[in-house]
Amino acid sequence: MAAAAACRGSTASGGTGSWGNAVLAKENSRSCADVCAATEFFHCDADVSISGYYGKAESYEQRLGHFYNYGCQAPGNTNVKFDEVKAGGEDVFKDIDEGHWFYRFCCCRK
């Protein structure tokens, strides 16, 4: 759900067309332009990288997460740990003190 919200906020139009748009896990070695092009949702709007922390916010200055938008054309950071499909289950739920990772998603539309 967080990835869908990140895609919604990363697209200039907020997602357009008469179809629902798609959020796909991004393979670390491919660009989102290539990932999207291989599906029925062939147009790439964004490549988002997100990371969040567990728990309740305790102050208005507390950092709750991180994000990047790498753009559609290049693979960007190819670290396999940024690929949620390839990452180990133990990596997905690590917190900031344990070396958590950003996960990347392609924002695609028809």
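For the chain, the 222 nm mean residue ellipticity estimated from helices alone, with every DSSP H stretch of n ≥ 4 adding -39500 (n - 2.57) and the total spread over all residues, rounds to -4000 deg cm²/dmol.
Between R8 and Y53, residue separation times 0.36 nm minus the direct Cα-Cα distance comes to 14.2 nm.
Note on the stretch 1-93: with charges restricted to the Cβ of Lys and Arg (+1) and Asp and Glu (-1), its dipole about the Cα centre is near 100 debye. Taking every alpha-carbon pair under 8 Å whose residues sit at least 6 apart, the chain reaches a relative contact order of 40 percent. Surface composition of the chain: carbon and sulfur atoms hold 56% of the protein heavy-atom accessible area at a 1.4 Å probe.
Distance between the pseudo-spin-label points of Q73 and F42 (7 Å out from Cα toward the beta carbon): 2.0 nm. Checking (i) 75; (ii) 185; (iii) 112 against the coordinates, the calculated volume of the Cα convex hull per residue in Å³ falls under label (iii).
For the set K26/K110; K26/K86; K81/K110, the pairs lying more than 21 angstrom apart at their alpha carbons are K81/K110.
In the context of the full set of protein chains, the chain has a per residue accessible area of 62 Å² (1.4 Å probe).
The values are calculated or read from the model by the stated rules, or taken from the named source; none is laboratory data. Predicted, not measured: the structure shown is a model, and the values here were computed from it. Heads up, the Cβs are rebuilt from the backbone with ideal geometry, glycines too, and the neighbour counts pull from every protein chain shown. Side chains included, ligands, DNA and RNA excluded: accessible areas come from the protein's heavy atoms. Shrake-Rupley method; radii C 1.70, N 1.55, O 1.52, S 1.80 Å.
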